[in-house]
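Coordinate-derived values only; no laboratory data. All of these numbers come straight from a predicted model, not from anything done at the bench. Reconstructed Cβ throughout: ideal geometry from the backbone, glycine too, with neighbour counts over all protein chains shown.
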Amino acid sequence: MANPHFQNMILWAGNTEATEAKKNQPMFMPYPSDQTFYGYFNDFVQYNASDWTITTTEAGGGNASEEIISGAGGQLRISNDDAASDSDFLQLKGEPFRLSTSKKAYFSARFKCNDVDQNDFIMGLQITDTTPLDVSDGVYFISVDGSADLLLNVEKDNSVDATTVATMEDDTFITVTWFVDPDRDAIYYSINNATPVKVSNAKLPDDEDLTISFGIQNGEAAGNTLTIDYVNMIVER
């Protein structure tokens, strides 16, 4: 049986820039019996709360909630109550991922926020922590209250390299990707399948077990939502 195949750059002659950029993403073709990569993918056709460590703040007196909603392939919607700083963060139980500058790794997700500049939200890989907005280790996308900018944080032991990667729009899905490329000794990110951009791997958190982490915190006294279409994480063994 063929092994999973990983290519950092796949160039297709004759493609437009838009279609070529999609094919410039790392391509995995995993087989169930192969031991080259391990990973996690959730398209949110179903949601089981018991799979996640959930940290909430509910000062508004209501309840944060997570529910599957209608959408192609399935979507998970996280909803906060209407008090400032109400929050709901989910982290996959078990911390199953370990990164290394010598091993390939790939993360991708598609999500949207109803009000991008009036919330804090994160999406990516982190250690399990009750304060995901102030975590010490991870590779994750983050947007902070008062700004529509989306940043990629590469963080180890509370030391972070932060790169502004996109400007978010209200209630508009964005596809985010980062991958570790050991052949080029770097991390790359891509937004909406655009051509990957290189950033430093100097602060890659390679001494901690990590997990998928996402969630939202209100920046004002209004109920807000984060909707996740899918999350995907693949790591070389």
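Given a cut-off of under 8 Å on Cα pairs at least six residues apart, what relative contact order in percent is computed for region 35-236?
Details: 577 pairs, mean separation 67.7, N = 202.
Here the relative contact order equals 33 percent.
Farthest toward the dipole's positive end in region 35-236, which of 178, 160, 85, given Cβ charges of +1 (Lys, Arg) and -1 (Asp, Glu) about the Cα centre?
Final value for the positive-end residue is 178.
Work from the charge dipole of region 48-138 (Cβ charges, +1 for Lys and Arg, -1 for Asp and Glu, about the Cα centre) and give the residue of 94, 68, 105 farthest towards its positive end.
105
Could you size up the charge dipole of region 70-227 around its Cα centre, putting +1 on the beta carbon of Lys and Arg and -1 on that of Asp and Glu, and report it in debye to the nearest 20?
That gives a dipole near 840 debye.
May I ask you to order 38-49, 214-225 by the average number of other C-beta atoms within 10 Å around their residues, highest value first?
Going by the mean number of other Cβ atoms within 10 Å, highest first, we get 214-225, 38-49.
Please compute the contact order of region 135-237 in relative form: average sequence separation of alpha-carbon pairs under 8 Å and at least six residues apart, divided by the residue count, as a percent.
Once divided by the residue count of region 135-237, the mean separation gives 20 percent.
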